[in-house]
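The values are calculated or read from the model by the stated rules, or taken from the named source; none is laboratory data. Predicted model only: the values in this text are computed from it and were never measured. So basically every Cβ, Gly included, is an ideal-geometry build from the backbone, and we count neighbours across all protein chains shown.
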C-alpha cells in the first residue's frame with residue numbers, strides 16, 4: 001500500500017476515534033425518553049426538598065444527607081459505550097433460590113404475624129404485625145416462597161432503615177447496582193431513590209393529567225436486559241400521598257393461564273429479545289445513533305421456587321420474538337401485552353398508606369413473574385418518595401415438564 005494511502009487510512013481512523021470520543025463526552029446516554037443533560041454528584045438543593053417523613057426516617061437510622069441528596073454517579077463512572085454497559089454484569093453470578101426449600105406452610109412467618117390478608121384469590125398478600133427488620137433467616141426464606149407464590153407481599157407500619165433494606169436484598173441475591181440511577185449516597189450502592197418529583201425536574205420526565213404515562217407510571221418489568229434479570233424487588237415508601245399514588249401488579253402466572261393450550265404450546269420454548277431502558281454509544285457504528293443492551297431470554301419461563309410457568313413479556317422492553325417475521329412478532333407481542341394489561345382479574349391494586357403516622361410501607365414482589373404500574377393520580381401535589389433494592393435472580397430457563405399455576409393447584413380453566 002502506498003504511504004499516502006496508509007496515511008489517509010490512519011487519518012480517517014483518528015477522525016472516527018475523535019468523533020466517538022466527542023459523542024461520548026457530550027453526556028452519558030440516558031433513558032431513551034430523555035434528551036437533556038445528566039448532572040452527576042450530589043444535589044444540594046434537593047436535600048432540603050425531601051419530605052419530612054423521609055428526613056425523619058434517615059435521621060432515626062443515621063443516614064447522612066448533609067452532602068446533598070440524592071447522589072448520581074459521577075460522569076466518568078457512568079458507562080457511555082454499549083460494550084461497557086454489557087461488561088458491568090456479563091458473567092454468571094451464583095444464585096440461591098431462597099424460597100425453594102422453605103416450609104410450604106410458612107409456619108415461622110405466619111406464626112409471628114398478627115394477621116395474613118389475601119387481597120385477591122391468587123395475587124397479593126398483606127402481612128400485619130411484623131417488622132421486616134426483625135425477620136430471621138427461616139422467615140426470610142418463607143417470605144421468598146410466599147412472594148414467589150403470591151407475586152407481591154405488603155407490610156405496613158414499617159420502621160425500616162435503608163441499611164436493613166439492603167441487607168435483606170443481599171440475602172435474596174446479588175443486589176443490582178445501577179450505573180446511572182440516583183441513590184441515597186455513595187455509601188448506599190444498590191439502594192435506588194424512587195422520587196417522581198426529582199425525576200420530573202432533573203430528568204425531564206413529563207407527567208401531567210393529560211399525559212399520566214411515563215417512567216414507572218406504565219406497565220413494565222424491571223431489568224429484563226440483564227444476563228440474570230431481577231428476582232425479588234423491595235420498594236419501601238416513606239412518603240405517601242394522603243389520596244392516590246397506588247401501584248398495580250399483574251401476575252405472569254395468570255397471564256400464561258389466560259392463553260389457549262394451542263397458543264401456550266406455540267410459545268413454550270420460544271425466545272425473545274429484551275432491551276435496556278437506557279441507551280449507549282455503539283463504538284462500532286457511532287453515527288447510527290444510541291444502542292440498547294439486548295439479551296435473549298425464554299418468552300415463557302419456569303419459576304425455580306414454584307415450578308410454575310409464567311409469561312415473561314412487557315411492552316416497554318420486549319422487542320421481538322426470535323424466529324418470527326417482524327409483523328408476526330409485533331402482532332403476537334401486542335396481544336400478549338394486552339393480556340397483562342387488560343385483564344383486571346389478574347391484577348391487584350394497592351394503596352400504600354400506613355396506619356401509624358410517621359412509618360412507611362413496603363412492597364416486596366417477584367419481578368420475574370409480574371408487571372407493575374405506579375399510578376400518577378396524585379399529580380405531584382403530595383410527596384411520594386421511596387427507596388428500592390432489587391436482588392438479581394437466575395439465568396432465565398424454561399422447563400418443558402413444568403406446569404402452569406392453575407394446573408399445579410388443580411384449578412379449573414373454565
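Inside the stretch 304-317, residues that are within 19 Å of residue 393 (Cα to Cα) and in contact with a helix residue (DSSP H, G or I) (Cβ under 6 Å, 6 or more places away or on another chain) make up a count of 7. Screening 313, 389 for residues that are within 20 Å of residue 299 (Cβ to Cβ) and either under 17 Å from the mean Cα position of the chain (by Cα) or modelled with pLDDT of 95 or more (or both) leaves exactly one candidate, 313. Within the stretch 66-91, residues that are free of Cβ contacts under 8 Å to residues at least 40 places away in the same chain sit with their Cβ atoms under 6 Å from residues that are assigned to a loop (DSSP other than H, G, I, E, B) and surrounded by 15 or more Cβ atoms within 10 Å (Cβ to Cβ), at 6+ positions apart or across chains, in these pairs: 68/43; 74/40. Pick from the stretch 283-297 the residues that are closer than 23 Å to residue 321 by Cβ and either surrounded by 19 or more Cβ atoms within 10 Å (Cβ to Cβ) or over 20 Å from the mean Cα position of the chain (by Cα) (or both): which of them is modelled with the highest pLDDT? The selected residue is 297. The residues of the stretch 236-270 that are more than 13 Å from residue 311 (Cα to Cα) and assigned to a helix (DSSP H, G or I), listed by number, are 261, 262. When the stretch 144-159 is limited to residues that are part of a strand (DSSP E or B) and in contact with a strand residue (DSSP E or B) (Cβ under 7 Å, 6 or more places away or on another chain), the one that is surrounded by the fewest Cβ atoms within 10 Å (Cβ to Cβ) turns out to be 156. Scanning the stretch 54-94 for residues that are touching a strand residue (DSSP E or B) at 6+ places or on another chain (Cβ under 7 Å) and at pLDDT 95 or above returns 54, 57.
What do you reckon, is residue 128 crowded, with 17+ Cβ neighbours inside 10 Å and touching a strand residue (DSSP E or B) at 6+ places or on another chain (Cβ under 9 Å)? No.
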